[in-house]
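As structure tokens, the structure follows; a few thoughts come after it.
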Amino acid sequence: MANPVPPRDRTDQPWRSEGAPPPQPPKRKMPGGWGGLILTALVVYLLANIVLSFFNEGDGPTISYTEFDKQVAAGNVTKIYSKGDAIQGQLKNKQPVPDGEGDYTKFTTQRPAFADDDLWAQLAKQNVTVTAEPVVQERSFLSNLLISLAPMLLLVLLWIFIARRMSSGMGGAGGMLGRKAPPKPVELEAGAKRTTFADVAGIDEVEGELNDVVDFLKNPQAYRDMGARMPRGVLLAGPPGTGKTLLARAVAGEAGVPFFSASASEFIEMIVGVGASRVRELFAEARKVAPAIIFIDEIDTIGRARGGGSGMGGHDEREQTLNQILTEMDGFTGSEGVIVLAATNRADVLDPALTRPGRFDRIVHVNPPDRGGREAILRIHTRDIPLAKGVDLEHVARTTPGMTGAELANLANEAALLAVKRDQKAVTQSDLSDALEKVQLGAERPLVMPEEERRRTAYHESGHALLGMLQPGADPVRKITIVPRGRALGVTLSTPDADRYAYTEEYLRGRIIGALGGMAAEHVVFGVVTTGAESDLEQVTGIARGMVGRWGMSEIVGRLTAIPSDAQQAYGLSAAPATLDAVDAEMRRIVDECYESAVRQLREHRPQLDALAAALLANETLEEDAAYRAAGVIRAGKEG
Ligand code: ADP
Ligand code: MG
Ligand code: ZN
């Protein structure tokens, strides 16, 4: 198993590193700095004070006039202040609040207009001072000011606090607010093994190309003496899960040099304006410990060709970050020994500035592994898994065409999980095939379906399967099931016998016919169409669009690229409107023809369709052989 990616030591540092020399013991710091903590405490304290004083300086409880009269009579009132009939006053000794909680000394009350008591005489008798100033002081000017300014003060403090947190580690951009904390690479845990080429399989040709880089990093002096310059950047291009990230780490591990890795999106996601300075810091850090590798993952997120239809704001940020990377790379003299690796799923959309000589001028394509490669990858990922006798990884490799390294790693892990669940000592072949089923078809979903719906699903899947069986050259049907899985109510799985690299027009039409088979069967048998065909139609549309717009399979549109492969790019930019209309019409023509063909074939083979559906209803799941038998179709090239 590959080493886990080492953790980042600060969340605001967008890169991780491994194999770098140990950092100076960092001073212990509070997460937001002590300053932040003190500020927060201060703010809370102030706030509490203001709120408290607000309530404390109140006028005390409002008491009844009767109660007031009683207190006066008892000689317990020291002074009062009166304005109109409203009276404020203060007691000598505090009294319990009548029908309330606590005690009071200050109070207010209201003298009724009809009270013709001789209050003045009473007061004089009891020596009560009648003041000309309110007993309860109005809040002072200062505290009034404080209170009115408090919300703003709070905001400012908060803002400073946030600015400090964000600016730490982003170099000068923090300006006067930021304390600049230099980034410190994380040390790999002692004893942890680094990823090497031994952890990578199935992409030997790629390893070969990267060997130069490893060589150079191991011995930069030899290259320097020869006056040879290494490529500054190597771009790994390939579908997700093919092992690009793994490969980059393996190169560093193989060469024994520090490895800095960051995802391009991490540079720009946080706060505007810091992407470029982060890049600068990262490169500075790597230069210090050169020879080293900087790995920038998902570089297409910032390296897309400008002017593409995909930029939704944040353009400047992307461009600045990208430019900074390019500038840093231009600044290499070529002998420092810092090599930048980058990975992308979309080499086709990259800005040409990136692939210019002197930048990422070496592009290495990483493809999904072939059969032998899959077996080797499975061996790597079952290294730590006890395998039962008789487990045939070669067979597994044969039944997984098109799967990537990541998917195979996942498959091995799913099988191990199953074995644990089943209380086994080792992983068996059936664990592996059940895991494969789960990975390919999705997990089973306990769902009770009404009988009518089951029947329709059975016909739907039978339609897919039967047409798949009938099309010459189509991928054989491996499994049909009407057990709901993942999002689907049923699944028909077809995989090729051997890896395929190019497709004929006939094959693609066969795929469309097969994909339309479910809908066609519902149409033929029930005369209605349900929503169950949504993903089928998406697939159909994708194939038809490729045939017409990209693979030159339509006479009318002709042999040109009418639709860019980049789905995110607006169509409108790629071709004249008339061409796009033609593409549309041709896609429709192809799909209509295929649908007609599907319906016709199902009508012709109705007894076989019924038989297959019946077998499916009875068994829920049919394996390859049982399915072909039930449909009465002889598998081309197998029976012979
Ligand atoms: P990518 O970066 O191309 O999307 P990753 O390098 O992240 O793919 O691959 C994910 C995981 O899949 C790896 O950590 C590894 O476990 C497994 N894997 C992928 N390709 C390979 C390979 N060629 N050999 C061994 N393991 C692989
Ligand atoms: Mg990756
Ligand atoms: Zn379907």
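Nothing in this text is a laboratory measurement; each read-out follows from the coordinates by a stated rule. Keep in mind that this is a model prediction, so the values were computed, not measured. Counting neighbours? That spans all protein chains shown, and the Cβs are built from the backbone with ideal geometry, glycine included.
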Where labels lie 7 Å past Cα in the beta-carbon direction, separation of Leu42 and Arg111 in nm: 4.9 nm
Phi to ³J(HN,Hα) by Karplus 6.51 cos²θ - 1.76 cosθ + 1.60 over the stretch 284-297, Hz, x for Gly, Pro: 4, 4, 5, 4, 4, 10, 4, x, 8, 10, 10, 10, 10, 7
Rounded, prolate or oblate: which fits the stretch 315-370 when a ≥ b ≥ c are the square roots of the eigenvalues of the alpha-carbon gyration tensor, with rounded for a/c under 1.5 and prolate only if a/b beats b/c? oblate
Under 1.5 on a/c is rounded, so check that first for the stretch 413-548, then, if it is not, pick prolate when a/b is larger than b/c and oblate when it is not; a ≥ b ≥ c are the square roots of the alpha carbon gyration tensor eigenvalues. oblate
Can you work out ³J(HN,Hα) from phi for every residue in the stretch 521-530, in order, using Karplus 6.51 cos²θ - 1.76 cosθ + 1.60 and θ = phi - 60°, giving whole Hz and x for Gly and Pro? 5, 4, 4, 5, 8, 10, x, 10, 10, 10
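Quick one: which of Lys244/Lys425; Lys244/Lys288; Lys79/Lys125; Lys218/Lys244; Lys193/Lys389; Lys244/Lys389 span more than 23 angstrom between C-alpha atoms?
Details: Lys244/Lys425 34 Å; Lys244/Lys288 25 Å; Lys79/Lys125 13 Å; Lys218/Lys244 21 Å; Lys193/Lys389 29 Å; Lys244/Lys389 33 Å.
Among Lys244/Lys425; Lys244/Lys288; Lys79/Lys125; Lys218/Lys244; Lys193/Lys389; Lys244/Lys389, the Cα-Cα distance tops 23 Å for Lys244/Lys425; Lys244/Lys288; Lys193/Lys389; Lys244/Lys389.
What is the fewest-to-most order of Ile363, Ile543 by other Cβ atoms lying within 10 Å of their Cβ?
Lowest to highest Cβ neighbour count: Ile363, Ile543.
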By how many nm would the segment from Glu593 to Lys193 lengthen if fully extended, with 0.36 nm per residue of separation less the alpha-carbon distance? 138.2 nm
With a/c under 1.5 counting as rounded, go ahead and sort the stretch 371-439 into rounded, prolate or oblate using the C-alpha gyration tensor (a ≥ b ≥ c being the square roots of the eigenvalues; past the cut-off, prolate if a/b is larger than b/c, else oblate). prolate
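Pull out the extension gain between Ala132 and Ala150, defined as 0.36 nm times the separation in residues minus the alpha carbon to alpha carbon distance; nm, one decimal.
Values: separation 18, 0.36 × 18 = 6.48 nm, distance 3.22 nm.
Going from the current span to full extension adds 3.3 nm.
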1/(1 + (r/R0)^6) with r = Cβ-Cβ of Asn211 and Ala353, R0 = 41 Å, i.e. FRET efficiency to nearest 0.05, evaluates to 0.90
Distant-in-sequence amide H partners of Arg478 (H built 1.01 Å from N, under 5 Å): Leu493, Ser494, Thr495
Residues of the stretch 98-130 with backbone N under 19 Å of the label point set 7 Å from the Cα of Ala74 along Cα→Cβ are 98-110, 122-129
On full extension of the chain, what length is gained from Lys421 through Asp584, given 0.36 nm per residue of separation minus the C-alpha to C-alpha distance? 53.6 nm
